[in-house]
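The values are calculated or read from the model by the stated rules, or taken from the named source; none is laboratory data. Source: prediction; values computed, not measured. For neighbour counting, all protein chains shown are included, and Cβ atoms are generated from backbone atoms with ideal geometry for every residue, glycine included.
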C-alpha cells in the first residue's frame with residue numbers, strides 16, 4: 001500500500017509541475033499584451049485621486 005501512495009505522490013508532483021509550467025507560459029503571454037492607452041490614463045487618474053485623498057486625511 002505504501003508503494004501505491006508513493007506512486008500517487010509522484011503523479012501529483014508531476015501534475016503540479018505541469019500546471020505550474022502552463023500557468024507560467026500563460027502569464028508570460030499576458031505580460032506581452034499591449035495595455036490600451038485609455039486604461040493607462042484611467043490608472044494614472046486613479047493613482048492621482050488616491051494620492052490627493054491621502055494628502056487630505058488628517059495624520
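For the range 16-43, filtering for residues that are surrounded by 10 or more Cβ atoms within 10 Å (Cβ to Cβ) and over 20 Å from the mean Cα position of the chain (by Cα) leaves 2. Pairing each residue of the range 47-59 that is at positive phi and modelled with pLDDT under 95 with any residue that is assigned to a helix (DSSP H, G or I) and surrounded by fewer than 10 Cβ atoms within 10 Å (Cβ to Cβ), provided the two are 6+ apart or on different chains, yields no C-beta distance under 7 Å.
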